[in-house]
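Everything below concerns the one structure shown next.
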Amino acid sequence: MFYFRPPKERNAQSRSPMHGITSRTVEDGIAEVVVDRPPVNALGVAGWFELARQVTAAGQDPAHRVVILRAEGRGFNAGVDIKEMQQTEGFSALIGANRGCFAAFKAVYECEVPVIAAVNGFCVGGGIGLVGNSDVIVASDDAIFGLPEVDRGALGAATHLARLVPQHKMRAMVYTAANATAQELHAWGSILEVVPRADLLEAALRVARQIAAKRGNVIRCAKESLNGIDPVDVNRSYRFEQGFTFELNLAGDGDAARDAFVAEGKDAT
């Protein structure tokens, strides 16, 4: 049986900027993990694993009671780096991207403290997995959310989209690859607050400060207890979806769709 393992490097901290991911303590009890990988914050295989590592580490630090996950640049996240995948021989990049996304989504969901997603611009593909598994979402008024997976010959993250939009809206978005706005998600109660982009970080910090003011052990227990009463096992559900991505790839649909995407010269997934 084949097992994929993420690439190892000697100094994890030194490689963080290479993948466009950094983390730090911004205030007492508050950490932030920031993605900044131009042009569209699409992550390669190593980037997804690095994101998982940094989110996990931030939550494990006993000094932290909340983590803000945000991005710099044009948008929050454009999913996997399809160009990297198509430039790699064999299936290693496809397997790596699937494993990496699973690790990153799982890290957000299982982070020992609440994760606040601060979403700017586009949040598509893998971005939906990150945000859907977050505890609290604030967004800029220009934020959009979508799953273009069907157009890319793949499936996945409907598990997480279903946590953001009503069931039939989720199905329509998957089939049509249409987007939903931050204002729509706010009306459905998924987004806590919609603000101008210039105010996004401060909005996230306002919520983070309220959480950070609580007793750390109580907050950590609250996170674990809320995960324990979730009606859907998001990890298992997402892995089920991923199986269809592999099936489509073996059938030739996935590779053909990705080749067409690269030929169009687009940046986002």
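Some notes on this structure:
- Gaussian network model of the chain, Cα within-10 Å springs - most flexible of Ala63, Ala104, Ala251: Ala251
- Legend: ranking of residues Val174, Val33 from fewest to most surrounding C-beta atoms inside 10 Å; resulting order Val174, Val33.
- Rounded to the nearest Hz, the phi-derived 3J(HN,Hα) couplings of the stretch 184-199 under the Karplus curve 6.51 cos²θ - 1.76 cosθ + 1.60 (θ = phi - 60°) are 5, 5, 5, 5, 7, x, 6, 9, 6, 8, 10, 9, x, 4, 5, 9, where x marks glycine and proline.
- Choice from Ala158, Ala93, Ala178 with maximal GNM fluctuation in the chain (Cα, 10 Å cutoff): Ala178
- Rounded to 10°, Cα long-axis angle of helix 167-176 versus longest principal axis of the chain: 40
- Mean residue ellipticity, 222 nm, helices only, the chain: the sum of -39500 (n - 2.57) across DSSP H runs of n ≥ 4, divided by residue count and rounded to 500, is -14000 deg cm²/dmol.
- For the chain, modelled as a GNM whose springs connect Cα atoms under 10 angstrom apart, the maximal fluctuation among Pro62, Pro231, Pro39 occurs at Pro231.
- Counting Lys and Arg as +1 and Asp and Glu as -1 over every other residue whose Cβ lies under 11 Å from the Cβ of Ala157, the net charge comes to -1.
- Close amide H contacts of Val113 (hydrogens built in the peptide plane, cut-off under 5 Å, sequence separation of 5 or more or a different chain): none are found.
- In order along the stretch 215-220, phi translates into HN-Hα couplings of 5, x, 5, 5, 4, 5 Hz, rounded to whole numbers, per the Karplus curve 6.51 cos²θ - 1.76 cosθ + 1.60 with θ = phi - 60° and x for Gly and Pro.
- FRET efficiency, Arg215 to Thr181 (Cβ-Cβ, R0 45 Å, nearest 0.05): 0.75
- Positive minus negative residues near Ala117 (Lys, Arg vs Asp, Glu; Cβ under 14 Å): -1
- Total lysine pairs under 23 Å (Cα atoms) in the chain, excluding pairs fewer than 8 apart on one chain: 5
- Here, the chain yields an orientationally averaged convex hull projection of 13.9 nm² when only Cα atoms define the hull.
- Residues of the stretch 23-47 with amide N under 19 Å of the 7 Å Cα→Cβ point at Asn227: 30-33
- Judged by the ratio a/c of the largest to the smallest principal axis of the C-alpha gyration tensor, the stretch 88-239 counts as oblate, that ratio being 1.5 or greater while a/b is no larger than b/c.
- Multiplying the residue separation of Asp141 and Phe246 by 0.36 nm and removing their Cα-Cα distance gives an extension gain of 34.2 nm.
Read-outs throughout are calculated quantities, based only on the coordinates presented, and are distinct from any laboratory measurement. If you're wondering where the values come from, they're calculated on a predicted model, not measured in any experiment. For neighbour counting, all protein chains shown are included, and Cβ atoms are generated from backbone atoms with ideal geometry for every residue, glycine included.
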